[in-house]
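All of the numbers you see were taken from the coordinates with simple rules; none came from a lab. The structure presented is a predicted model; accordingly, all values stated were derived computationally and were not measured. Note that each Cβ is placed from the backbone with ideal geometry, even for glycine, and that neighbours are counted across all protein chains shown.
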Amino acid sequence: MTKPKKGMKIESLKGQIQKGKGVDIGTMFVKCAHKESDDVVFKSQRNAFFDIEHTDFTKKILDNSGVRYIIKENNLYIVGDEALEFANMFNKETRRPLSKGVISPSEKEALPIIELLIKSVVGEPAHKGEIVYFSVPGEPLDAEFNVLYHIKMVEGFLKTLGYAPKAINEAHAIVLSELAEEDFTGMGISFGGGMVNVCLSFMSVPIFKFSVAKSGDWIDQQVAMATDETASRVSSIKESSLDLGKEGDLSKIESALSIYYNHLIEYVIENIKERITRTKKLPRLTKPISIFLSGGTALPKGFCNRFKQILDQLKLPIPIGSVRMASQPLRSVAKGALVAANADESRCKLLVK
Ligand SMILES: Nc1ncnc2c1ncn2[C@@H]1O[C@H](COP(=O)(O)OP(=O)(O)OP(=O)(O)O)[C@@H](O)[C@H]1O
Ligand SMILES: [Mg+2]
């Protein structure tokens with residue numbers, strides 16, 4: 001990616017015809033950002049599927065109502081947002097083609113499903129070879145899986161659609177989306193479903209990036225085990241009413257959620273500390289850096305304060321200025337990937353001239 005100019009803002013690209021797209025391929029959602037005149041437009045699909053018994057008649061009904069599906073051997077899989085609707089109707093869980101941020105090794109239908117989902121959010125390229133940046137997780141510190149295989153497969157899907165795909169680290173994308181005012185120097189952290197991703201960047205160049213394979217899903221599972229509830233019920237309470245600033249009068253599930261949120265934040269900060277200490281050539285930072293928090297797991301009320309409190313206790317070996325939530329926590333990865341794509345497309349245009 002071209003290094004963005006000092007002080008460049010997304011807004012500074014206003015008025016230009018901007019090609020390029022940014023795609024966030026997350027464990028729970030696949031999202032695409034593109035620009036229509038001055039507005040960033042997002043398309044999103046739930047990264048899920050649900051298999052149903054089918055007849056020619058069912059297929060006809062699904063075709064007429066525009067439901068996305070694939071047929072493999074004798075199975076019909078409903079894909080994307082509608083998978084959740086069907087699962088709710090049958091009182092069952094959806095399945096996911098991604099696990100912990102990468103193509104799931106245990107779901108054999110994962111590949112065609114993720115291909116269909118990507119296609120449905122990115123659509124046709126504006127021109128052959130339009131640049132699309134897609135998000136990938138950093139190498140996990142605490143799990144073994146193959147990020148390279150995932151990257152190559154997604155690249156292949158996007159190339160087949162006529163794009164020129166490039167991978168961008170998920171947390172680096174947050175830096176590009178949120179830290180323009182600070183010359184893209186600072187830290188982006190994404191608290192997603194399957195993982196937490198961290199990137200420390202200096203003038204838009206990543207100093208380090210990593211992920212841990214614990215995040216929202218892990219919280220749901222731990223709390224479910226501790227309270228003898230189902231993970232779906234825990235998740236639904238967490239998403240609808242959790243307030244991490246609330247003190248006293250907590251239900252059993254709320255108390256457990258609070259404990260596991262603490263544990264997750266401490267775990268992430270300890271790992272950041274470790275990485276900073278281990279990084280040999282840390283650039284000289286002339287002022288305290290900002291940290292931007294993003295992702296679905298960072299959404300509950302009080303999350304940012306909880307993070308700040310734990311950071312105050314554990315302390316990092318570099319000066320930290322502000323800790324803030326990203327402006328659109330569920331969209332900043334796609335938006336950051338779009339910033340990278342727009343910058344590359346503008347550079348290509350200059351080279352052609
Ligand atoms: N309002 C909310 N409060 C708490 N948690 C939420 C809320 N909304 C979503 N989540 C949780 O956020 C997680 C999904 O976050 P996000 O959409 O950022 O993930 P993703 O990008 O698809 O996954 P990943 O980055 O791990 O691959 C899930 O664990 C979900 O339960
Ligand atoms: Mg994510």
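Name the aspartates and glutamates eligible as straight-distance cross-link partners of LYS72: C-alpha to C-alpha under 19 Å, and not fewer than 8 places from it in the same chain. Once the sequence-local aspartates and glutamates are set aside, what remains near LYS72 is ASP51, GLU53, ASP56, ASP63, GLU82, GLU107, GLU109, GLU115. Need the list of aspartates and glutamates near LYS335 for cross-linking: C-alpha distance under 14 angstrom, and skip anything on the same chain fewer than eight residues off. Within reach: GLU11, ASP24, GLU36, ASP38, ASP39, GLU170, GLU178. Tell me, how many Å apart are the Cα centres for the stretch 273-340 and for the stretch 120-161? Between the Cα centres of the stretch 273-340 and the stretch 120-161 lies a distance of 25 Å. The convex hull drawn around the Cα atoms of the stretch 181-325, when projected onto a plane and averaged over every direction, covers 8.6 nm². Across LEU111, LEU62, LEU244, mean-square fluctuation computed from a Gaussian network of the chain (C-alpha pairs under 10 Å connected) peaks at LEU62. Over the Cα atoms of the chain, the radius of gyration divided by the Kirkwood radius equals 0.98; this is the Rg/Rh ratio.
Here's how it looks for ASN47: its modeled amide H is under 5 Å from those of PHE29, VAL30, which are all 5 or more places away or on a different chain.
Selection among ALA256, PRO317, ILE269 by position relative to the dipole of the stretch 242-353 gives PRO317 as farthest towards the positive end (Cβ unit charges, Cα centre).
For the stretch 69-78, 3J(HN,Hα) computed residue by residue from phi via the Karplus equation (6.51, -1.76, 1.60; θ = phi - 60°) reads 7, 10, 10, 10, 6, 9, 9, 10, 10, 7 Hz, glycine and proline entered as x.
Tell me whether the stretch 105-192 comes out rounded, prolate or oblate; compute the Cα gyration tensor, take square roots of the eigenvalues as a ≥ b ≥ c, and use a/c under 1.5 as the rounded threshold. Intermediate results must be reported in sequence, preceding the final value.
Numbers: a/c = 2.42, a/b = 1.21, b/c = 2.00.
Oblate is the answer for the stretch 105-192, as a/c is 1.5 or above yet b/c matches or exceeds a/b.
For the chain, modelled as a GNM whose springs connect Cα atoms under 10 angstrom apart, the maximal fluctuation among LYS92, LYS159, LYS43 occurs at LYS92. Highest mobility in the GNM of the chain, judged by mean-square fluctuation with C-alpha springs under 10 Å and restricted to LYS19, LYS301, LYS280, is found for LYS280.
Calculated [222 nm] ellipticity per residue, helices only, for the chain: -12500 deg cm²/dmol; basis is -39500 (n - 2.57) per DSSP H run with n ≥ 4, divided by all residues, nearest 500.
By the scheme Lys and Arg +1, Asp and Glu -1, what is the net charge of all other residues having a beta-carbon under 13 Å from that of ALA173? Charge balance in the 13 Å sphere: +3.
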